[in-house]
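J.: Attaching a single structure in structure tokens format; questions to follow.
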Amino acid sequence: MKTTEKILEIESLLENLIKKNREGSVLRMKILFFSDLYQDLSISMIIEKLGIKKTNFALMSAALEKEGCLVIKKSNLDRRCRMLELTQKGRDELNNYLNEMSKTLGSTPLEIETSLDNLGRYLNKII
């Protein structure tokens, strides 16, 4: 199987795993996770990392803000840029989800963790 086919298969399997462990939107968890992971990135850069449409992001982030899970604010460095900040409620939801996923996955062999780290670094370089 070619690399691109393997990545497509992995992405599909991971999305199914995320759906299995979370009632509701996969996009919701992705936005919470990326908002926490990339705290210093602008919204447009997070959208690019996620690879989604701006309208989909705008609808979900507005819902998350209304629910008190995140705050959309202007950057301190460039007032034209908007940034995302998780609230404690958003952080708690994300941590609960990540804990549930950890229970589902169980103990992960070191070679798998190393491979995932390498794959993540590789994909971050090209995206």
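J.: Looking at the range 76-85, is at least one residue modelled with pLDDT of 85 or more and among the polar types (S, T, N, Q)?
T.: Looking for residues that are modelled with pLDDT of 85 or more and among the polar types (S, T, N, Q), one finds none in the range 76-85, hence no.
J.: Looking only at residues that are surrounded by 15 or more Cβ atoms within 10 Å (Cβ to Cβ) and assigned to a helix (DSSP H, G or I) in the range 19-32, which one is nearest to the chain's Cα centre (by Cα)?
T.: For the range 19-32, the residue satisfying everything is Lys30.
J.: Please count how many residues of the range 81-117 are touching a Cys at 6+ places or on another chain (Cβ under 9 Å), of a type in the set (Lys, Arg) and either over 23 Å from Ala62 (Cβ atoms) or touching a residue at least 60 places away in the same chain (Cβ under 8 Å) (or both).
T.: Final tally of qualifying residues: 0.
J.: Turning to a different aspect of this structure: For the range 69-88: of the residues being assigned to a loop (DSSP other than H, G, I, E, B) and touching a helix residue (DSSP H, G or I) at 6+ places or on another chain (Cβ under 8 Å), which is surrounded by the fewest Cβ atoms within 10 Å (Cβ to Cβ)?
T.: Cys81
J.: Moving on to the next point. Can you tell which of Glu113, Glu93 is at pLDDT 85 or above, among the acidic types (Asp, Glu), surrounded by 13 or more Cβ atoms within 10 Å (Cβ to Cβ) and not in a loop (DSSP other than H, G, I, E, B)?
T.: From the options Glu113, Glu93, the qualifying one is Glu93.
J.: Sort out which residues of the range 33-62 are without any contact (Cβ under 8 Å) to a residue 40 or more places away in the chain, loosely packed, with under 15 Cβ neighbours inside 10 Å and assigned to a helix (DSSP H, G or I), and write them in order of number.
T.: Leu37, Ser44, Met45, Lys54, Thr55, Asn56, Ala58, Leu59, Ala62
The values are calculated or read from the model by the stated rules, or taken from the named source; none is laboratory data. Because the structure is predicted, anything quoted here is derived from the model rather than measured. When we count neighbours, we look across all protein chains shown, and the Cβ atoms used for this are built from the backbone with ideal geometry, even at glycine.
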